[in-house]
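Asker: One structure coming up, written as structure tokens, with questions to follow.
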Amino acid sequence: MALKFLVMGCGGLGGITAASLLEAGHDVRAFSTNAAIADAVAKHGFRLRDDGDERSVPGRIDRELPPGPFDVVLLATQPPQVEEAARTAASALADDGLMVCLQNGLCEERVARIVGAHRTVGAVVAWGASMPEPGLYDRTASGGFTLGRLDGAHDDRLLAIAAALEAIGPVDLTDNLRGKRWSKLALNCAISSLGTLAGERLGALMPHRFVRRLALEIMTEATQVARLEGVRLEKVSGTLDLDWIALTDEERRAGGSPGLMAKHALLLAVGLRYRRMRSSMLAAIERGKPPAVDFLNGEIVERAARHGIAVPVNAAVHRAVWAIARGERQPSLEVLRAIFEATGPRGAEADAS
């Protein structure tokens, strides 16, 4: 099944997605209002860099919405722009077309209110990308996608999208999109937000024990909220089990239990595997854009309040990211240290490096 694609947003994720689909021979148009990115691609093509090797893929970026209809709209903006992007692209989406959310967070519910749940697909992204300069795209971590619908149904159109996205990385299908999305949300609340606050790539963060403990506390709070929401959590990238990663009461009190040590070891392995990954939220702040933290830690804080529980670490991270976005603080490890000291933990790791 030949598909006509429209990619909305040409930052790190959108640029690599558009270029990879073009390179594989698909019918693709890309849209961005950013003149610097559009001009750079017009002059040099999409410049892709992976493990130091660089190549150019011929293409262009439209600054006005190209005429449809498109079979597939890939939403690759940051979460704060997802609803605007969906509304803009809705008129160009074919009647039987699908709109695919590539964002972190729970954006499918927002997009479904605009184009309908039957035309909304979630794509949980398990790879990393950045745009160091306009038109230059850096693949910072390998991986692929997990695709699914809110109702769990699969059909030929979903299979065709999955086949096309194999040009970027391996694609799995899920009948439990909420479970996959919530697990990824918990992970991003830790990795993306802590990377934003520290201003560091993941590889520089995870060797610090107190950073790993903060990550564990963040994911534990997120998992507690997910359970209250009735979500059946799924493994992230096939290996990261949030039900297991979440700290038990005993682990939160103890400083060196075998279970806690195993969880620290897993985060060290994640830091090593994704060591080049840099927070896209930090990149957005650097470009003067609003951070996506309301869609990550803010989502956890808001939903926890509905259930009457406290999520102090996510709340502190949410406030701190906004303080950096407003220019009141600068990213550093000391920002994380301050949150660690203000929120606990209860165990014997308070003086950990």
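Asker: Determine, yes or no, whether GLU64 is outside the structural domain of GLU229 (by TED's automatic domain parsing) and farther than 21 Å from LEU165 by Cα.
Answerer: yes
Asker: Take residues that are among the small types (Gly, Ala, Ser) and under 19 Å from the mean Cα position of the chain (by Cα) and tell me which of the strands (runs of 3 or more DSSP E) falling wholly in the range 114-183 contain 2 or more. Reasoning before the result, please.
Answerer: Values: elements: 120-125, 128-133, 136-141, 145-149, 171-173.
Qualifying strands (runs of 3 or more DSSP E): 120-125, 128-133.
Asker: Still on this model: Give all pairs with beta carbons closer than 6 Å in which a residue from the range 48-61 that is closer than 19 Å to ALA36 by Cβ and hydroxyl-bearing (Ser, Thr, Tyr) meets a residue that is at pLDDT 95 or above and assigned to a strand (DSSP E or B); count only pairs at least 6 apart in sequence or on separate chains.
Answerer: SER56/ARG47
Asker: What about ARG213, is it surrounded by 21 or more Cβ atoms within 10 Å (Cβ to Cβ), closer than 23 Å to ALA323 by Cβ, out of contact with any strand residue (DSSP E or B) (no Cβ under 8 Å at 6 or more places or on another chain) and of a type in the set (Lys, Arg)? First the steps, then the outcome.
Answerer: Values: surrounded by 21 or more Cβ atoms within 10 Å (Cβ to Cβ): yes; closer than 23 Å to ALA323 by Cβ: yes; out of contact with any strand residue (DSSP E or B) (no Cβ under 8 Å at 6 or more places or on another chain): yes; of a type in the set (Lys, Arg): yes.
Here the answer is yes, as ARG213 does meet what is asked.
Asker: Of the conditions (1) at pLDDT below 95; (2) crowded, with 19+ Cβ neighbours inside 10 Å, ALA162 clears all except one; give me its number.
Answerer: (1)
Asker: Also, I was wondering about something else. Tell me whether the range 191-200 contains one or more residues that are surrounded by fewer than 23 Cβ atoms within 10 Å (Cβ to Cβ), farther than 22 Å from GLU299 by Cα, of a type in the set (D, E, K, R) and modelled with pLDDT of 95 or more.
Answerer: Within the range 191-200, none of the residues are surrounded by fewer than 23 Cβ atoms within 10 Å (Cβ to Cβ), farther than 22 Å from GLU299 by Cα, of a type in the set (D, E, K, R) and modelled with pLDDT of 95 or more.
Asker: The conditions are (1) closer than 18 Å to HIS26 by Cβ; (2) part of a strand (DSSP E or B); (3) modelled with pLDDT under 95, and GLY68 fails exactly one of them. Which is it?
Answerer: If we test GLY68 against (1) closer than 18 Å to HIS26 by Cβ; (2) part of a strand (DSSP E or B); (3) modelled with pLDDT under 95, just (2) comes out false.
Asker: I'm trying to understand the selection: among the residues of the range 247-266, which are part of a helix (DSSP H, G or I) and either surrounded by 12 or more Cβ atoms within 10 Å (Cβ to Cβ) or under 28 Å from the mean Cα position of the chain (by Cα) (or both)?
Answerer: We begin by selecting, within the range 247-266, every residue part of a helix (DSSP H, G or I); these are 249-253, 258-266.
GLU251, ARG252, ARG253, GLY259, LEU260, MET261, ALA262, LYS263, HIS264, ALA265, LEU266 - these are the residues of the range 247-266 that are part of a helix (DSSP H, G or I) and either surrounded by 12 or more Cβ atoms within 10 Å (Cβ to Cβ) or under 28 Å from the mean Cα position of the chain (by Cα) (or both).
Asker: Let me ask something else about it. Can you tell me which residue is surrounded by the most Cβ atoms within 10 Å (Cβ to Cβ) among those in the range 173-186 that are of a type in the set (D, E, K, R) and touching a residue at least 60 places away in the same chain (Cβ under 8 Å)? Quick ask: steps written out before the conclusion?
Answerer: Step one: list which residues in the range 173-186 are of a type in the set (D, E, K, R), which gives 175, 178, 180-181, 184.
Subset that is touching a residue at least 60 places away in the same chain (Cβ under 8 Å): 181, 184.
Numbers: ARG181: 28, LYS184: 23.
Residue satisfying both the conditions and the ranking: ARG181.
Asker: Residue by residue through the range 93-113, note down the ones that are crowded, with 17+ Cβ neighbours inside 10 Å and either closer than 21 Å to ASP156 by Cα or without any contact (Cβ under 8 Å) to a residue 40 or more places away in the chain (or both). Don't jump to the end; show me each part of the working.
Answerer: Filtering the range 93-113 down to residues crowded, with 17+ Cβ neighbours inside 10 Å leaves 93, 97-108, 110-112.
Passing the criteria: LEU93, GLY97, LEU98, MET99, VAL100, CYS101, LEU102, GLU108, ARG110, VAL111, ALA112.
Asker: Of the residues in the range 217-246, how many are within 16 Å of the chain's Cα centre (by Cα) and basic (Lys, Arg)?
Answerer: Residues that pass the stated criteria total 1.
The values are calculated or read from the model by the stated rules, or taken from the named source; none is laboratory data. None of these values were measured; they are calculated from a predicted model. As a convention, Cβ positions derive from the backbone with ideal geometry for all residues, glycine included, and neighbour counts pool all protein chains shown.
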